[in-house]
Amino acid sequence: MADTTPDVETDKCDDLLESLRRGRPAAGQDPVKRSQIIDGARRVFIEKGFEAASMNDITREAGVSKGTIYVYFANKEELFEALIEEERGTIFKNMYDMLDRADDLRQTLVKFGKVLSMKITSARVIQAQRTVIGASDRIPDMGARFYERGPKRGHDKVVKFLNAAIERGLLKIDDVDLAAYQFTELCLAGLFRQCIFAYRTKAPSQEEIDHIVRSGVDMFLKNYGTEQLAEEESHQMIALEAKA
């Protein structure tokens, strides 16, 4: 007897093509509906945290049916990860691009460090990280994925930047991976822990961040900067004084 079971993947493709012909998104393909669900989930996760939030809570907040939400997301974990990815893309978009245009090493480090510190200590990012930390105890794989897709990717870009500065003769570093971690820690200098544990109720001011980052960059370059860097900065200073 011939097998009459339909090919599921073929059916999905046929449904998608038919929907496109009709000018409407296929099930699970509507970006507006997906955004509506994620926005509702964001409000629920902020209010209740990951553990206490339920898919029922999210459907009510998002104004969609339970059938609709499961077309887009298989479970709460998948929805939460999609939310985190969207938040990361919005908050950190293009932040690392400045590391690709590094003419002045010190100023690039200062500029990048200030932006990094401001974003990491923002209320939005702190809330998201608290939620991830709370969920990671029960779902450690999710915490690992969060780190790999976010902090680890950013760290690798800082490593690449430092290696480029080493090739230019501006830095001398034996352990570049460690140095990249040291740099980001110097730019935060206690701020992240104070924020994550709610010791601070407000994000640090621009003036405080500027002071911490400049001090951190000074310390970093005093340890890893080369004579070539010192000579280049001396020439830059002389040129600026001549223009004044």
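Using a probe radius of 1.4 angstrom, the carbon and sulfur fraction of the accessible surface of the chain is 53%. The overall shape of region 125-244 is oblate: from the C-alpha gyration tensor, with semi-axes ordered a ≥ b ≥ c, the ratio a/c is 1.5 or greater and a/b is no larger than b/c.
Structural descriptor for region 96-244: relative contact order 31 percent, calculated from alpha carbon pairs under 8 angstrom and at least 6 residues apart.
What pairs in LYS114/LYS152; LYS93/LYS119; LYS93/LYS157 have C-alpha atoms more than 21 Å from each other? In this structure, not one pair exceeds 21 Å between Cα atoms.
Classification of region 43-82 by its C-alpha gyration tensor yields an oblate form. The axis ratio a/c (a ≥ b ≥ c) is 1.5 or more, and b/c is at least a/b.
Taking only C-alpha pairs under 8 Å that are 6+ residues apart, what is the relative contact order of region 26-72 in percent?
47 percent
The string of couplings for region 159-164 from the Karplus curve (6.51, -1.76, 1.60, θ = phi - 60°) is 4, 4, 4, 5, 4, 5 Hz, one whole number per residue in order, with x for Gly and Pro. Against the chain, whose longest principal axis is taken from its Cα atoms, helix 8-22 shows a tilt of about 80°.
To test your reading of the geometry: what angle, between 0 and 90 degrees and rounded to tens, separates the Cα axis of helix 76-91 from the longest principal axis of the chain? Compared with the principal axis, the helix lies near 40 degrees. Highest GNM mean-square fluctuation among TYR147, TYR72, TYR199, for the chain modelled with Cα contacts below 10 Å: TYR199.
The angle separating the long axis of helix 206-224 from the principal Cα axis of greatest extent in the chain is about 60 degrees. Counting only protein heavy atoms and a 1.4 Å probe, region 86-240 has 58 square angstrom of accessible area per residue. Excluding same-chain neighbours fewer than eight residues apart, the aspartates and glutamates reachable from LYS111 by a Cα-Cα span under 16 Å are ASP97, ASP100, ASP103, GLU185, GLU207, GLU208, ASP210, ASP218.
The values are calculated or read from the model by the stated rules, or taken from the named source; none is laboratory data. Just so it is clear, the structure is predicted and the values come from calculations on it, not from any experiment. Note: areas computed on protein heavy atoms with side chains; ligands, DNA, RNA excluded. Shrake-Rupley method; radii C 1.70, N 1.55, O 1.52, S 1.80 Å.
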